[in-house]
1. Of the labelled options (1) 29.6; (2) 26.2; (3) 31.5, which one gives Kirkwood radius over Cα pairs in Å as computed for this structure?
2. By per-residue mean of other Cβ atoms within 10 Å, what is the highest-first order of 567-579, 248-260?
3. Compare the peptides 371-379, 558-566, 469-477 by average per-residue count of other Cβ atoms within 10 angstrom and give them in order, highest first.
4. How charged is the neighbourhood of Ser227? Take every other residue with its Cβ under 12 Å from the Cβ of Ser227, and add Lys/Arg as +1 and Asp/Glu as -1.
5. With a Förster radius of 35 Å, plug the Cβ-Cβ distance of Ser445 and Thr471 into 1/(1 + (r/R0)^6) and report the FRET value to the nearest 0.05.
6. Can you tell me which aspartates and glutamates have their Cα less than 17 Å from the Cα of Lys638? Leave out same-chain residues fewer than eight positions away.
7. Give the peptides 59-68, 32-41 in descending order of average Cβ contacts within 10 Å, highest first.
8. If the cut-off is a Cα-Cα distance under 22 Å, which lysines reach Lys289, setting aside same-chain residues fewer than 8 apart in sequence?
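Values in this text are rule-based calculations from the coordinates and carry no lab data. Given the structure is predicted, the values throughout are model-derived calculations rather than measurements. Please note: Cβ atoms are built from the backbone with ideal geometry, for glycine as well, and neighbour counts cover all protein chains shown.
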Amino acid sequence: MFIKLLWSVALILAIFSTLPGKDKPKPFYPVALIDSAMRKDAWAVCRDFRQEFVLHDNGKAVEYVHLVITVLEKRGDDLAELVLPYDQSSKITSISGKNYDAAGIYNEKLKSGAIQDVNYTSEGAIYDDLRMKIAKIDSNTYPYTVEYSYEITYDGLLGYPNWYPLRDYHISVEKSSFIISYPEKMEVRYRERNLPGSCRSEKTEKGIRTLEWKIDSLQALRDEPFSPKLSQEMPGVITAPVSFEYCGTSGSMNSWHDFGQWIGQLLQNRDQLPPVRQNEIIELVKGMKDTAKIVRTLYEYMQKRTHYVGIQLGIGGFQPFPAETVDQLGYGDCKALSNYMKAILKTVGVKADYTIVGAATSQGITMTDFPTANQCNHVILCVPLKKDTIWLECTSQTTPCGYMSKFTAGRKGLVIDSRGSRIVAIPLLSAEQSSQHRKAVVSLSTDGRMEAKVKTEYSGYQYDNISKVLTESKKEQEKALYENLAVAGMKISDFTYQDNKERIPEATESIALTSQTYAARSGTRIFVPVNIFNQIKSIPSHLDNRKMPVYREFAFLDTDSVTFYLPKGYKPESFPRGKNLKTAFGEYCSTLTVNNDQVLYTRRFKMNRGTWPKEDYAALVDFYTAVVGADKVKLVIKEESQ
């Protein structure tokens, strides 16, 4: 009887489920509701982003985030991936996620097995507690929508979240908001960038102050050539503490001087070396009077004794290992190796200052009046002399003493000095200091073959283009030459390198080569490409309605001189006229000169550093177009009539 009753109930439910008017699943974020303007240049659309940061005191907080992203095509898959770093002072207390189809109908939830927990630090790290969780809901059909919610608790705060509604290229934003709340007695700093004044609201209730920013309808941006860093141009809010508590320490970020004092405290009593090492160092420079020579000798000594390994452990993200530890282990990260070099110099009475700076993708201190802990991600050493300053990159075993490569050049850093920390500019090389000068002598044959001897001098940042090759095996060096020169039919018979490790380093490359198919013969004529080794072949894409300014971070200068010896009995029939271009972006000049059986080709190409309005981009494309055309020209030589 009970079984029959169950079957009856099931039958009634089945009948009612098929009747007209039965409720269907409620759609969430259907793709059809996305405005066409939000789809332009977009691989994905952020439907909603809500970030709330709740401060309890100087060291404790909770962050809540709700995020919804619709992926329009496969290239947008990575934009829907959730990446959450954490360490000893932060804990991800919850992550949840859902997946919806194009109609907005729920498909599945984020499974715990789809959340990876991996090491965050760069390759080479051996001791690390900085990790990240990666969550991703895959879908085989497009478009689809993912929804994430997560919560992070903080016990120790050196910085607060930044809000960038438009966080990447090719993603548009329908709706985004950021809330920060904190006890009224606390001080919180914030810096707005490129925001309308109407997007912020404020209130204070029951002793809690709340700031909220909202912004809607941000269209996707293309990744445009020669653009500055996206975060520098896009809407955003940067928040930071005045006073902070982190890993058992406390400090102030009210000024860069205050922040420098906190870092200085972390360095105290960490620059001591064992007596045996001190005696060795003293003997190494015994009798030397030139301080610059002493610094170079000890820097190269440090390079031979140590190697770089990324290390991260709570406060270890800011505090170096003691010099004694590095001396014993023979390795360290940028903090530890810089501190170790500081200790080596201290042993012989040379003062050196620990300096935090931006490196690689970090632009360093861009807000000189608004200190934050994340503006710098690297440490170098500053050695002030009476009439000069030597900068030391302590993580490389090959970098010349005093040379700052593009890794850190031109950025502002903070020198940590017990007499008062100060912001300084890391040296930046000019175009003339970052040069490539090439001279070649080329003998042509009547069948289009050529023999050449080529000498190239690299300096400054262009030295970096071959610096790694200098320490490679002969076989690897030859392989690199074939890849870089790419002359048709080329065969290298001999090559050598000379390395001059000065503060502006130089290297000389000498090559002997031949090519069986260099020039093309047609009847009595031979067509000779005059720019053999240094052609510009690509033109920046033409863009309508460019959004970003034009930006070049570094300048350079290339010069080429090629002397052609013509086959006996041949004379130039026609040769291109020289080209002379001068623009705000750079300069280009080429010439051809005939002298009996010789033709001299010269070329000078210089690119400037700077920022220009987006409206000037078309002029940059025109400049490159003219350079590419000038680099393609050929000399036509013809056999003289008997």
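1. (1)
2. Result, highest mean first: 248-260, 567-579.
3. Put in order of decreasing packing, that is 371-379, 558-566, 469-477.
4. +2
5. About 0.40, to the nearest 0.05.
6. Once the sequence-local aspartates and glutamates are set aside, what remains near Lys638 is Asp447, Glu573, Asp597.
7. Answer by packing, highest mean first, reads 59-68, 32-41.
8. Lys342, Lys346, Lys351, Lys386, Lys387, Lys501
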